[in-house]
Amino acid sequence: MTTLSGANQPDGKTQRPPRAVVGSQISMDEEMFGAAFDGRVISRFLSYVRPYRGRIYVALAAVLVFTGAQLTIPLIIRYAIDEAIVSDRASEALLMIAIAVFAAVITVNYAANYIQDRVVGLVGEQVIFDLRRAMFAHLQHVALSFMDKTEIGRMMSRLQGDVNALQEFLENSITAIGDLVLLVGIIVIMLTLNFELGLLTLSVVPTLLIVRLIWLPRARVAFRRARETNSITNGALAEGIHAVRTVQGMGRERVNFELYDDKASENLAAHLRSAKYAQAMVPVVDTLTGAAMGVVVIVGGTLVLDSALDIGVMIAFLFYVQRFFDPIRSLTIQYSVMQRAMASGQRIFEVLEVPLAISDKPDAVEPDHIDGDITFRDVTFGYTKNQPILKNVSFSVNHGETVALVGPTGSGKTSITALLHRFYDVWDGSVSIDGRDVRDYAKVSLGHHIAMVLQDPFLFTGTIFENICYRTAGATREDVERAAKVVGAHDFIMRLRDGYETVLEQQGRNLSLGQRQLLSFARALVADAKILVLDEATANIDSYTERQIQTALSRLLKGRTGIVIAHRLATIRGADRIIVLQQGRIVETGTHDALVAKNGLYARLYALNYASFDDIPDELLRDALAGPANT
Amino acid sequence: MARSNATAKEGPNTAGLASHLDVYLGRSTAADQRHSADTAVLLRIIRLALRYRVRVALAVAATVAAAFFQLMIPPLLGAAVDNALGLLRDGSVGATDARAALIQAALLLLGASILRGAFTLIHNYNGEAIGHLLAYDLRLAFYDKLQSLSFSFHDRVHTGELITRGMLDLDGVRMFVNTGLLRLVLLANLIGIGAYLLLSTDLILGLLSLSFVPFVAWRSSTARLRLRTLWLALQQKMAGLGQIMDENLTGIRVVRAFGAEPYEIEKYDAAADEAMTIARERIKTRVSSTTIMTYAYFVAMGLVLWVGGLRVLEGTMTVGTLTVFLTFITILQAPVRQLGLLVNAIARASTCGSRLFAVLDLQPAIDDHDSAGPLDLTDGAVRFENVSFAYAGEGAPPVLHDVSFEVHRGKSLGIVGPPGSGKSTIANLLPRYYDPSGGRITIDGQDIREVTVASLRQAVRVVQQDPFLFTASLENNIAYGDPWADYGMIQDAASVAQIDGFVDLLPDGYGTLVGERGVSLSGGQKQRVAIARATMLRSAVLIFDDSTAAIDAETEQRIRESLKAHMEDAATIIISHRLGALRHADEIVFLEAGRIVERGSHDVLIAEGGRYAALFALQSRGNDEESPAKGAAE
């Protein structure tokens, strides 16, 4: 075997392998532009601005003063030249007056400018932080079923990207008002100073508007394409970094490099095209400015020659002409900003309008202490209408007792734990703790008295200490260490470089699954709740850690009411009682020995001889569920 | 802020696939040591940009021309004003001539404006283009480099950090050309030529017109640097806030389970407040600097109007000349204010550039020996000879001690041991993902460090425990190592890996999109894809690194059966903590703390009654009478 496959690419470098791609082919961007004006979005948005309306009025006033000052400056220059410098009554005293007025106006201009920018900037920032917090806080209380359906990445882009689009909108709208006033002001002043000259000078404006209207949609396509290719190329880079071990293992370096080159080349072409569009307006604006100056020089100059116009007016015109195109430009930009903001606003308010599924009763109780007796009475429940997951389920668990829930996937085990914690409300029947319906407890109180250990032991970025305390405010270092010792996590924690102060990166990916499991046990222990709900991990854990976890579990359950969704035989056998579920109904309950003797579903599953019920292959499982084997 | 945890090693660089791109041009040499590190980085960027000579020449020429035509406008306006006014006063020239002069001035103004616009376009377009071309070169070089750097590098440097370098730092370098360099040329020309014109016309008035330039330049640069610091700080805070939100949403079940919503909101508020403080600080800094700059500009204008007005009153200056000064100030306003951007672009380029070049200049720790030839396979015998290994980093404890074993074609070796005993390290040493720190590894008598990496990795295939699924169709994921494969080959591989049954149930079958943005597969399904991937390729050495851990025992058994044909042609190493997966191996070694403590066949090891036998007892049900759960606790 001297030839190895994998190198069987045909010759010819330019040909790409048919099955090879790098990165995702789909662009991540959500719809960027909406209608430029959406009354509903605006009015909802305004409700977030309203608390700051006093400051908004101040900013508006400042904008108007600022714009007024901007408009006045060329007029003062005009006055200085016409009255104080070239007229027959010209004198140094008049010039001094003009300069004094000039100084006053630019100082006012400065103050107004300062107030406007500062107030608008700060309020904009504040509103955006308010909005983001409102979304975040809202998401804490929306129905879990909504969160189940929602992609986290999408939600994050709303919390970050969409919110920023609104900030841009808010800041720009105030300055846009200034721009509009400036534009109207310049037109009015020019027409007032000399109607004929004003009209002729303004005649260039329609050309600019037409060119810009033709340019805008095309340019937008080019800009968008550039953005898309950017995100695609960067996505491919990110993939290349994440997958580097697989790439090297499979020897895909050369192929991937060529494919990445394709993407980078597309990106380059798109950017060159977009740069062309971005610059295309420059000569147009410059040419039109030149034409407008030309009109002022010829027409204005002739009028001055004929003594029909003061020279100062002509100079003032030259100043206005140079300022003229700025507001037009910013206003067209503002149009795109508004479209983006409306699309973003819609997405944000969609989130804020997701109803809160479950809220506390007004007289909800928050007992300091509970015993931990649990009763399910005739509970029927499902996630989709007419498709109940649990059907008339009744059972009770006495305080201090541990019950194992056993059954195939989809039999309703997880739903039982979710209902106990009131993540959802029952359709029919009732769930009660210490004889009181869970709907009569405050949700926070349920959180305090029920500790949950989930299948995937989720850890937060932060130190190990913080993760073990989690929400238990006031837990001391001793409490945390004691808990860690009880569950057997103390030793490995101490072996880490910073012990309990070790920072977990990327949600604890630097720890093994078993270790993360032990930390989540410690977290539940510190929370010291009377009821413990445990969804045992199905993932395969090596036998060493497995043993540690079993020991930790038995210590954790001591003195508490335990409901365990169990997968491992060792766990199941350790329980005081086993409840066997099938298709949303309880089919058997009893101790391990009793159930084995009974020779029902549990006995059949047990007879298959797998250390974990999850290891049972589908076919065998199907047979076991179907009924007793014919022996 | 040059946090470079990726520092360059000494020695020449192997440019790899991107060698034709020549981004190593101007890599810092001894001569550069005289410059500060920043200057060296900037010079290197310039040298890279100079590879596009024609565009650079065009851009610079256009920049100078644009400045020239821009500066023509104030004198033309001044002449027009004097024409309209002066002739009216003394009447020395005929009215017709004056009108003709006005038309001529207007046409010149139009011409100068058109040319200014055209040259600005050429300047900006080429500036941007050079930046993007440069970015393209660097992008490819960066990608190539990351693909060739060894596992030890990727272990050490966080993926997020590398992505940042490849995105943001690359942008920082790209923007240097247009926003930094060319703008500097433009500004130097505008101020230089303009100052010459104005100062030679009227020294005092010229100085007054330019008076705002130094103040604004200083103010805008210092503000920019401060804003940049604040921006970086804000980014960091926002990233922290983003992380809190992200983890909250990902871990929402934990949050709800613990009733920790108020705590989470508190945590959010604390982070948001910190970000808000910096955001406010940033706005205040920005506003106070921009507004004071505008003020300075108007003050200069007022001074020119005042002193110039006095000159005109005295009769030593015409209104036209005064207009020249006033319009000149207007022209300078925008570019001078942008000086801050320029300073920012330069500062950013030098930090970004140094971070990017630090990666590009790295030499892969694992690379072909100078005289390396392809691996020559004969008997397919793998030998570990007293191999020791410790991961890079000071004081890192050794992971393997003096490990020796042999596997031959058609035979298999099982490796078992507690977590952290060094099992996976063996899998990583054979394809040279890492090099041993002691001893040697040979295949058919050749030290694997003496053959080319490509030929070695073609011969040695590792099936990982946690394989990466690409966002692509299932079939293309299976064919990852052989992208020319036809459909039949893929189906065969899928059936060997026992995933064909699952694929048939999918609505789009083999065309189903999987990976991050497609259908998500369970751990066991992923592992079966990885096995299928490996069986697409014929390998001389096959290593299963706990690659059936999430697959049920029954299926695993069937996979083992169907893999038999493949294993006959290869030396196979099976690493597992589940003994069922490796009990049939020809030899089994028990690894503990990096040492082989037991070895032999399953039967021999059971008979010995050592650690292996104990583990076997633990894993079989027969010995499971006393329950370790509740009640058994001490």
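Rg ratio for region B:280-428: its Cα radius of gyration over 2.2 N^0.38 Å, N being its residue count, equals 2.48.
When you work out D = kT/(6 pi eta Rh) for the protein assembly as shown at 4 °C and 1.567 mPa s, using the Kirkwood radius from C-alpha pairs as Rh and the Stokes-Einstein form, the result is 36 µm²/s. The residue among B:Leu162, A:Ile81, B:Phe69 whose Cα reaches farthest toward the positive pole of the charge dipole of the protein assembly as shown, with charges on the beta-carbon of Lys, Arg, Asp and Glu, is A:Ile81.
Against the criterion of solvent-accessible heavy-atom surface with a 1.4 angstrom probe, B:Leu618, A:Leu193 sort, most first, into B:Leu618, A:Leu193.
The share of C-alpha pairs in region B:151-265 whose separation exceeds 17 Å stands at 76 percent.
Taking a spot 7 Å from the Cα of A:Asp440 along the direction of its beta carbon, which residues of region A:402-433 have an amide N less than 11 Å from it? Zone members listed by number: A:432-433. Placing unit charges on the Cβ atoms of the charged side chains and taking the dipole of region A:195-308 about its Cα centre, the candidate lying farthest along the positive direction among A:Leu208, A:Val295, A:Asn230 is A:Asn230. A Förster radius of 60 Å combined with the Cβ-Cβ distance from B:Ala239 to A:Thr192 puts the calculated FRET efficiency at roughly 0.65. Between the Cα long axis of helix A:39-49 and the first principal axis of chain A there is an angle of about 90°, rounded to the nearest 10. Note on region A:195-308: Cα Rg divided by 2.2 N^0.38 Å, N the number of residues, gives 1.91.
Relative to one another, the C-alpha centroids of region A:390-468 and region A:280-298 are positioned 74 Å apart. A dipole drawn for region A:475-594 from +1 and -1 charges on Cβ atoms has a positive end, and of A:Gly584, A:Ile549, A:Val526 the residue lying farthest that way is A:Gly584. Summary value for chain B: 15 percent relative contact order, contacts being C-alpha pairs under 8 angstrom separated by 6+ residues.
Computed packing ranks the peptides B:378-386, B:502-510 as B:378-386, B:502-510, most packed first, by mean other Cβ atoms within 10 Å. In chain B, helical runs assigned H by DSSP with n ≥ 4 each contribute -39500 (n - 2.57); averaged across all residues and rounded to the nearest 500, the mean residue ellipticity at 222 nm is -19500 deg cm²/dmol.
Beyond 17 Å, the tail of the calculated P(r) for region B:446-542 holds 50 percent of the Cα pairs. Max-minus-min Cα coordinates of chain A on each principal axis give 122, 78, 53 Å, with the largest extent listed first.
Taken about its Cα centre, region A:195-308 carries a charge dipole of roughly 440 debye when the Cβ of each Lys and Arg holds +1 and the Cβ of each Asp and Glu holds -1. Across region B:203-316, counting alpha-carbon atoms alone, Rg and Dmax equal 25.2, 87 Å. Counting only GluC sites (Glu not before Pro) that DSSP places in a loop and that have at most 16 other Cβ atoms within 10 Å, the longest clean stretch of chain A runs over A:152-352.
With all protein chains kept in place, the per residue accessible area of chain A amounts to 42 square angstrom at a probe of 1.4 angstrom. Measuring how big region B:341-444 is from its alpha-carbon positions, Rg and Dmax come out at 20.4, 67 Å.
With 31 Å as the limit, the listed pairs A:Lys558/B:Lys423; A:Lys263/B:Lys526; A:Lys443/A:Lys558 have A:Lys558/B:Lys423 beyond it between alpha carbons. Summarising the label geometry, the points placed 7 Å from Cα in the beta-carbon direction at A:Ser43 and B:Glu406 lie 8.7 nm from one another.
Straight-line reach from A:Lys391: taking Cα to Cα under 22 Å and skipping same-chain neighbours fewer than 8 places apart, the lysines in range are A:Lys413. Shape annotation for region A:63-166: C-alpha extents along the principal axes are 84, 17, 14 Å, from largest to smallest.
Sorting the segments A:113-124, B:427-438 by their residues' average number of neighbouring beta-carbon atoms within 10 angstrom, most packed first, yields A:113-124, B:427-438. Remark on region A:374-626: hydrodynamic radius 19.0 angstrom, per the Kirkwood mean of 1/r across alpha carbon pairs.
Bridging of B:Lys284 to aspartates and glutamates at a Cα separation below 20 Å is possible for A:Asp117, A:Glu125, A:Asp130, A:Glu168, A:Glu171, B:Asp273, B:Glu274, once same-chain residues fewer than 8 apart are set aside. Secondary-structure-derived ellipticity at 222 nm for chain A, considering helices only, amounts to -19500 deg cm²/dmol, per-run term -39500 (n - 2.57) for DSSP H runs with n ≥ 4. Residue by residue along B:453-466, Cβ atoms of other protein chains within 10 Å of the local Cβ number 3 on average. By the rule of a C-alpha distance below 15 Å, with chain neighbours fewer than 8 residues away ignored, the aspartates and glutamates paired with A:Lys276 are B:Glu128. Rg/Rh for chain B (Cα atoms only, Rh after Kirkwood) is 1.16.
Pairwise Cα distances in region A:132-200 exceed 16 Å for 67 percent of all pairs.
The values are calculated or read from the model by the stated rules, or taken from the named source; none is laboratory data. Everything quoted here is computed from the prediction, not taken from an experiment. All Cβ positions, glycine included, derive from the backbone under ideal geometry; neighbour counts span all protein chains shown. All accessible areas refer to the heavy atoms of the entire protein, side chains included, with ligands and DNA or RNA removed. Shrake-Rupley method; radii C 1.70, N 1.55, O 1.52, S 1.80 Å.
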